[in-house]
1. How much length is gained if the chain between residue 32 and residue 107 is pulled fully straight, taking 0.36 nm per residue apart and subtracting their Cα-Cα distance, in nm to one decimal?
2. Between residue 117 and residue 42, what is the label-point separation in nm under the 7 Å Cα-to-beta-carbon projection?
3. With just the Cα atoms of the stretch 8-119, tell me how far they stretch along each of the three principal axes, in Å, largest first.
4. Would you calculate a helix-derived [θ] at 222 nm for the chain, using -39,500 (n - 2.57) for each DSSP H run of n ≥ 4 and dividing by the full residue count, to the nearest 500?
5. How high is the relative contact order of the stretch 8-119, given as a whole-number percent (alpha carbon pairs under 8 Å, six or more residues apart)?
6. Enter the angle in degrees (range 0 to 90, nearest 10) between the Cα long axis of helix 8-24 and the first principal axis of the Cα atoms of the chain, meaning the one along which they spread out most.
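Every read-out reported here was derived from the displayed coordinates using simple, explicitly stated rules and does not represent laboratory data. Worth saying up front: this structure is predicted, and the values here are computed from it rather than measured. Please note: Cβ atoms are built from the backbone with ideal geometry, for glycine as well, and neighbour counts cover all protein chains shown.
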C-alpha cells in the first residue's frame, strides 16, 4: 500500500487482530444473541458485522503481502484467529477453557515454523 507510514508486518498483525474480532463476532455471536431469531436475521446482522471485518482484512492482506507470502499471511491469520477466538469462547460464549486450545495452538506454531523458517 503506497504511502503507508508504519512497518508492514506489525501493521498487518494489528489490522488482522481487529479484523478477527469482527470476524469472530460475525461468525459466532449470533449463536448466543440471536438464537431465537430466524436464521435470515442472524445472517443479515452477521453480514453487517463482516463488512467491518473486510474493511480491515483487505488492507491488512494487501499491506502484509508487501513483506510476506500469501501462505505466511494465511498462517498468521489462523494464529491470530485462534488467539482472538479463545477469549471470545471463554468470556463471551461462556465455554469452558480446554487443553484442546493449547494443542491446537501448538499445531499452529508448528505450521508457523514451516511457513516462516526462511525468515529465521
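1. Length difference between fully extended and current span is 24.1 nm.
2. It works out to 4.2 nm between the two label points.
3. Result for the stretch 8-119: principal-axis Cα extents of 49, 33, 18 Å.
4. Details: 5 runs with 83 residues, N = 120.
It comes out at -23000 deg cm²/dmol, rounded to the nearest 500.
5. The value is 34 percent.
6. Around 10 degrees separate the two axes.
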